[in-house]
1. Which lysines does Lys373 reach when only Cα atoms under 20 Å apart count, and residues fewer than 8 places away in its own chain are ignored?
2. Cross-chain or 8 or more residues apart, Cα under 18 Å: how many lysine pairs in segment 232-308 fit that? Count them up, please.
3. Kindly put Leu220, Leu14, Leu277 in sequence by how many other C-beta atoms sit within 10 Å of each C-beta, fewest to most.
4. Suppose only helical runs count, i.e. DSSP H with n ≥ 4. What mean residue ellipticity at 222 nm does that imply for the chain under -39500 (n - 2.57) per run, divided by all residues and rounded to the nearest 500 deg cm²/dmol?
5. How much of the DSSP beta bridge set in segment 72-290 is antiparallel, as a percent to the nearest 5?
6. Only counting other Cβ atoms within 10 Å, I'd like Ile269, Ile365 sorted with the fewest neighbours first.
7. What order do you get for Val310, Val184 when you list them from fewest to most C-beta neighbours inside 10 Å?
8. Percent relative contact order of segment 312-384, based on C-alpha pairs within less than 8 angstrom and at least six residues apart?
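What follows draws every value from the coordinates through simple rules; no lab data is involved. Here the structure is a predicted model, which means the values were calculated and not measured. Quick reminder, even Gly has a Cβ in these numbers, built from the backbone with ideal geometry, and neighbours come from all protein chains shown.
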Amino acid sequence: MKDLFSPEQRRDLLRRGFSRRDFGRLAAVLTAGAALPFYNEATLAQGLSAFPGLPADAVKLNANENPMGPCPEAAEAIHKVVQQGGRYLYQETAAFAEAMAQTEGLSREHVLPFAGSSDPLHRVVLAFTGPSRSFVVADPGYEAGGRAAAFVGARTIKVPLRKDWAHDVRAMAAADSEAGVIYVCNPNNPTGSITPKDEIEYLVANKPKGAIILLDEAYLHLSKTAEPCSPLVAADKDLIILRTFSKLYGMAGLRAGAALGRPDLLEKIRGYGAGALPVTGMVGAIASLKAKGLVEKRRQIIAGIREETVEWLQKKGFDVIPSEANMIMIDTRRPSRSVIAAMLAEKVAIGRTWSALPNHVRVSIGTREEMAKFRTAFGRVMNV
Ligand SMILES: Cc1ncc(COP(=O)(O)O)c(C=O)c1O
């Protein structure tokens, strides 16, 4: 097993605080033999639900999905490619990387395609943290990376969001001089709040020397004001950006995403997995990138439904954290776990909760009809 690592990989593992005894377990991960707990919205939602499954007719507002699904152009491209699905279609993956590079103004070498962004998120944590290299995150924030950090024995350091719900980049930069990865999610999950680009630039410029910034832009396209940070990748900074087609592009079940970063950083995560990517996800992603006006149109639709929902909640007396994504955090003024359970009894799945905000619950934005059902159920549950 030990021979799976090159001398350079071994030196890197020792530098990150792994002992030679850990090598076997890590080698097992590389050969997919160990149970690295893999988390994404779907598993987090199910795992924390008090109910084993959702009724078929339940309204699903608990995983930040996009009920619009793939755009017609993507659906058509997927439909067309299905008959060729008996082949290993690597060229579609290359074409996707090329399309992504062009869209972002990057070289092809700065793009590594994946089936969604959870995979590279886990890999970055495995590749750059360890027993002596911590994982610095915002609180509340998206939890998946923290689980991977726990698996490799890396400490997760939680830094509270600022009062305006932006990441506290100064506190994050100063949190640990031995940090391995500093994770920023922009817009943030679960708050939907924005961290301005100049704050991210500050973090990149002022992070501890050995650390990399992992910038998760899963919800970027849903925001009016969040700015893409791909120019920082083009400038070869110590930064990896994650992109996914699961949110605005409505392809969570089809799976496409990418890591954007300096080629030597991407090289470090490449080795933690293998295999061809689903051609359906790849062609769907290419068609989505080419669909004219799609981002703006969907952003407006989702923002419109979100703002109607917020207005109704505020009229009923509930505070909502200002969001620019397809989710809102509502202050339920009582432990929100009980609200989740009561809503599920009304066949409306919402959640999750975060321990930093125990009286808030996250609600994903669904269709107009779904949000009407949400309002009826919420009104009943909260007696308003
Ligand atoms: C912030 C964030 N990052 C990454 C992901 C992973 O999504 P996927 O693997 O579908 O790209 C999610 C899923 O909801 C998310 O909320």
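1. Lys60, Lys315, Lys316, Lys347
2. 4
3. In order of increasing Cβ crowding within 10 Å: Leu14, Leu277, Leu220.
4. It comes out at -12000 deg cm²/dmol, rounded to the nearest 500.
5. 35
6. Ranking Ile269, Ile365 by Cβ neighbours within 10 Å, fewest first, gives Ile269, Ile365.
7. Val310, Val184
8. 29
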